[in-house]
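The values are calculated or read from the model by the stated rules, or taken from the named source; none is laboratory data. Remember, predicted model here, so these are calculated numbers, not experimental data. Glycine gets a Cβ as well: all are built from the backbone with ideal geometry, and neighbour counts include every protein chain shown.
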Amino acid sequence: MDFFANADHTINTISKGAFLTTKHADKTNTMTIGWGSIGYIWKMPIFMVMVRPSRFTHQLLESNNEFTVSIPSPALSSALGICGTKSGKDLDKIAAAGLTLQNGRQVSVPVIGNCLQHYECRVVFKQDMTDKELNSQIKTAFYSAGDYHTLYFAEIVTTYPGQ
């Protein structure tokens with residue numbers, strides 16, 4: 001599949017929310033993301049996502065360098081709300097949001113069922129943010145508490161429409 005065929009729609013949808021799913025051992029967690037980027041770096045299609053170290057997803061992603069991004073239909077907006085406001089440390093968000101999981105095709109992490117598009121990804125580079133070179137307006141608007149993101153650059157190993 002052309003990795004960039006639906007990239008514009010994906011980026012537009014992410015600004016309204018998408019599911020970032022990770023798994024380690026027997027624990028699967030998903031969170032809502034509102035930021036991300038699709039591009040071409042190092043001769044491969046890349047999905048870049050940002051996760052704060054304070055998030056449970058960060059802990060899982062540090063243990064398994066694979067993740068999936070599932071682009072939801074508008075019908076899943078309430079599930080995005082649950083997954084964006086609750087912690088997987090305290091709650092099985094997948095069950096609480098009424099989501100279903102489907103096995104990944106090429107990674108060990110599942111995708112969220114009933115979504116429009118799925119991306120399966122393997123991290124090839126990560127970088128912790130610091131304020132050293134960060135624009136002061138961005139720092140004030142998004143990082144007043146100093147809770148900077150880790151940026152994960154991951155090869156998109158496959159992408160496919162939901163079922």
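A compact table of results
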{"quantity": "Check on A75, out of contact with any helix residue (DSSP H, G or I) (no Cβ under 6 Å at 6 or more places or on another chain), aliphatic (A, V, I, L, M) and either surrounded by 15 or more Cβ atoms within 10 Å (Cβ to Cβ) or assigned to a loop (DSSP other than H, G, I, E, B) (or both)", "calculated": "no"}
{"quantity": "Residue that is modelled with the highest pLDDT [pool: residues in region 34-74 that are aromatic (F, W, Y) and more than 29 Å from A145 (Cα to Cα)]", "calculated": "W42"}
{"quantity": "Hits in region 28-59 - residues which are within 18 Å of Q127 (Cα to Cα) and either hydroxyl-bearing (S, T, Y) or buried (at least 23 other Cβ atoms within 10 Å of the Cβ) (or both)", "calculated": "S37, Y40, F47, V49, V51, S54, T57"}
{"quantity": "Residue match in region 130-142 (condition: farther than 17 Å from I33 by Cβ, in contact (Cβ under 8 Å) with a residue 24 or more places away in the chain and over 13 Å from the mean Cα position of the chain (by Cα))", "calculated": "no"}
{"quantity": "Q117 being under 21 Å from G39 (Cα atoms) and touching a Pro at 6+ places or on another chain (Cβ under 7 Å)", "calculated": "yes"}
{"quantity": "Residue match in region 9-25 (condition: under 16 Å from N114 (Cα atoms), in contact (Cβ under 8 Å) with a residue 12 or more places away in the chain, aromatic (F, W, Y) and outside any loop (DSSP other than H, G, I, E, B))", "calculated": "yes"}
{"quantity": "Members of region 104-154 that are of a type in the set (D, E), surrounded by 12 or more Cβ atoms within 10 Å (Cβ to Cβ) and farther than 23 Å from A25 by Cβ", "calculated": "D131, D147"}
{"quantity": "Positions within region 104-157 being in a strand (DSSP E or B), more than 16 Å from A18 (Cβ to Cβ) and touching a helix residue (DSSP H, G or I) at 6+ places or on another chain (Cβ under 7 Å), in sequence order", "calculated": "T150"}
{"quantity": "Complete set of residues in region 75-91 that are within 13 Å of the chain's Cα centre (by Cα) and among the hydrophobic types (A, V, I, L, M, F, W, C)", "calculated": "L80, C83"}
{"quantity": "Hits in region 91-103 (condition: surrounded by 14 or more Cβ atoms within 10 Å (Cβ to Cβ), at pLDDT 90 or above and touching a helix residue (DSSP H, G or I) at 6+ places or on another chain (Cβ under 9 Å))", "calculated": "K93, I94, A97, L99, L101"}
{"quantity": "Filter result for the condition that a residue is within 29 Å of I138 (Cα to Cα) and either without any contact (Cβ under 8 Å) to a residue 12 or more places away in the chain or more than 15 Å from the chain's Cα centre (by Cα) (or both), over P45, P53, P72", "calculated": "P45"}
